[in-house]
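**Student:** Dumping the structure here so I can ask a few things about it.
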Amino acid sequence: MPGTPGTHVPADEATDDGRIMRWEGVYVAGTGSWLPEPVPAESAVQDGRYDPEQAAADDLVSVRVASEETAPPDMAVEAAVTALKRSGLDAHDVELLVHTGIWFQGVEMWPAASYVAGHALGRHVPAFGMRQECNASLGALEVAARHVQSGPPTAAAMVTTADRFGEPMIQRWSSEPGFVYGDGATAMLLSRRGGFARLLSTVTGADNSLEAVVRGEGFAPRPTNEPLDLAGRVEHFIRTSSGGFRMATERVSAVVREVVATVLTEAGTDLNGIARVVVPASGRSRMDWQVRQMLGIDMAKSTWDFARQAGHLGAGDQFAGFDHLVETGQVRKGDKVLLVGGGSGFSCTCAVVQMTEEPEWAQTDVRAEAS
C-alpha cells in the first residue's frame, strides 16, 4: 500500500466551522480518468460549429468527444476502477461513493451513483449523487473527506465525475462563450491508510444570489426538448438585474479570493508555496482571467496545456487536471497543489493537496524529461 500510514485523529480535533476544514490523516490513495479521443478545434471552425473569433480567443487545440453509445456512468466506472487499482485497496475497503455530473446521465429519475458503485466497487457500498454544477467534484471531495476523517483507521471513500455533452441538446462549441464542453470521467479515492498525497485543507464559500445568472426567465412546468441556451439566460440576467454582469463578476471574484486565501492559510502556506494550480478548464482569455488576474498566479503554474486539449469536463476539471499532473510526473514529493472549484449558484470549494511520494504508476520517462 503506497504512502505513509496516518494515525486516527478524532473529528473534533480537526478545524471545522462548517465550511473550513484542516485535515489530518486523510490521503489521496488513487486517481483515475477516462477520456475519449480528441476532436480538433479547427475542424469545428471549418464546419461552422465554432465561431472563428471565439476560437481565436479560446486558443484550444481540441476537446474530448465520446460516442453516443458511451454513457456517463460507464465512463465513471472506468475511472473508478483505475483509481481503485492504483490505490492498492480492495473494493470492499471503500465505504462510500459520491457521484457527480452536470448533465444527463443516461436515464431520467435514476440513481446513477448506485450504478457506478455497483459496477466499480460492489452491491453493498452506499452511493449518493451530488449536484452543484461545476463545483460538484470538490464539494463532494469535502463530503468524502468528512466521512474518512470521522471513520476508523481503515476508512476510505470514492468521488467520481462523468459527463457526455450530447448534441444538439448542448451546442458543445457555442453554448457558453469561453467554455467548450469536453466529455470524460474522473475519480479520486481518499483513505486513512495512506496514499501518494495528503489532503491538507478544504474551504467552501457561496453567494446564493448568483443562481439568478443562469436561471433565465423563470421556471418551466416540465423538461423541454429545446437546446440548452446558457448564453440567453445570462443575457436575460444582464437585462433585468440592477448590477448586471459586472456586479456578478465582482461577487464571484470576492468569494473565490476569500476561499483561496482561507484554504491556503489552513494549509499553512501561501501562493508562493503552491507548485501547481488546477482551475475550471476554459479558453485562454477566460483561463488567464481566472489564474493570472483573479488569483495572481502565473499561467505556467496552471494546467492550461492539458485543459486546451481536453475542454471543460463539467465537474471533472480538477480531478482530471490533478491526475494529469501526477501521471505525467509534473509534481514531485513535497509539492503542494491548489485545486479551485466554482459552480453556478454560486459556490466555490478549494482544496490544497501535498504530494507525499511519486506513485509507481506515474510516467517515469515524462518525469525525467521534466526535471
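**Student:** Using packing as a proxy for protection, rank 349-356, 141-148 so that the peptide with the highest average count of other Cβ atoms within 10 Å comes first.
**Tutor:** 349-356, 141-148
**Student:** Now for a separate question. Quick check: pseudo-label points 7 Å beyond the Cα along Cα→Cβ at Q46 and S209, how many nm apart are they?
**Tutor:** Reported label-point gap for Q46 and S209 is 4.9 nm.
**Student:** Between V61 and R246, what is the label-point separation in nm under the 7 Å Cα-to-beta-carbon projection?
**Tutor:** The modelled label-to-label distance comes out at 3.8 nm.
**Student:** Sticking with this one: Keeping every protein chain present and rolling a 1.4 Å probe, give me the accessible area per residue for the stretch 227-371 in Å². Can you show the working numbers first?
**Tutor:** Values: 5920 Å² over 145 residues.
Using a 1.4 Å probe on heavy atoms only, each residue of the stretch 227-371 averages 41 Å².
**Student:** Under the Kirkwood approximation applied to all pairs of distinct alpha-carbon atoms, what is the hydrodynamic radius of the stretch 41-95 in Å?
**Tutor:** One over the average 1/r among Cα pairs gives 14.5 Å for the stretch 41-95.
**Student:** Hey, any idea what Rg/Rh is for the stretch 114-235, computing Rh the Kirkwood way over Cα pairs? Walk me through the numbers before you get to the answer.
**Tutor:** Values: Rg = 18.0 Å, Rh = 17.4 Å.
Using Cα coordinates only, the ratio equals 1.03.
**Student:** Could you give the length gained on full extension between W110 and R239, defined as 0.36 nm per residue of separation minus the Cα-Cα distance, in nm? Each step should come with its number before you reach the end.
**Tutor:** On the way: separation 129, 0.36 × 129 = 46.44 nm, distance 3.66 nm.
Fully extending the segment from W110 to R239 adds 42.8 nm.
**Student:** Something else now. Of the heavy-atom accessible surface of the chain (probe 1.4 angstrom), what whole percent is carbon and sulfur?
**Tutor:** 50 percent
**Student:** Enter the accessible area per residue of the stretch 61-147 (Å², integer; probe 1.4 Å; all protein chains in place).
**Tutor:** Accessible area per residue: 46 Å².
**Student:** Using 7 Å Cα-to-Cβ label points, what is the K333/S253 separation (nm, one decimal)?
**Tutor:** It is 4.2 nm.
**Student:** Let me ask another. Order of 235-244, 310-319, 49-58, 111-120 by packing, highest average Cβ count within 10 Å first?
**Tutor:** With the highest mean Cβ count within 10 Å placed first, the list reads 310-319, 111-120, 49-58, 235-244.
**Student:** Here's another thing I want to ask about it. Let me have the 222 nm mean residue ellipticity of the chain computed from DSSP H runs of 4+ only, each contributing -39500 (n - 2.57), with the sum over all residues rounded to the nearest 500.
**Tutor:** -9500 deg cm²/dmol
**Student:** Grab the beta carbon distance between E357 and K85, set R0 = 25 Å, and tell me the FRET efficiency rounded to 0.05.
**Tutor:** Details: r = 17 Å, r/R0 = 0.69.
My answer for the efficiency is 0.90.
The values are calculated or read from the model by the stated rules, or taken from the named source; none is laboratory data. What you see is a predicted model, and the numbers here were worked out from it, not measured in a lab. We place every Cβ from the backbone using ideal geometry, glycine too, and count neighbours over all the protein chains shown. Heads up: the accessible areas ignore ligands, DNA and RNA and are worked out on the full protein's heavy atoms, side chains in. Shrake-Rupley method; radii C 1.70, N 1.55, O 1.52, S 1.80 Å.
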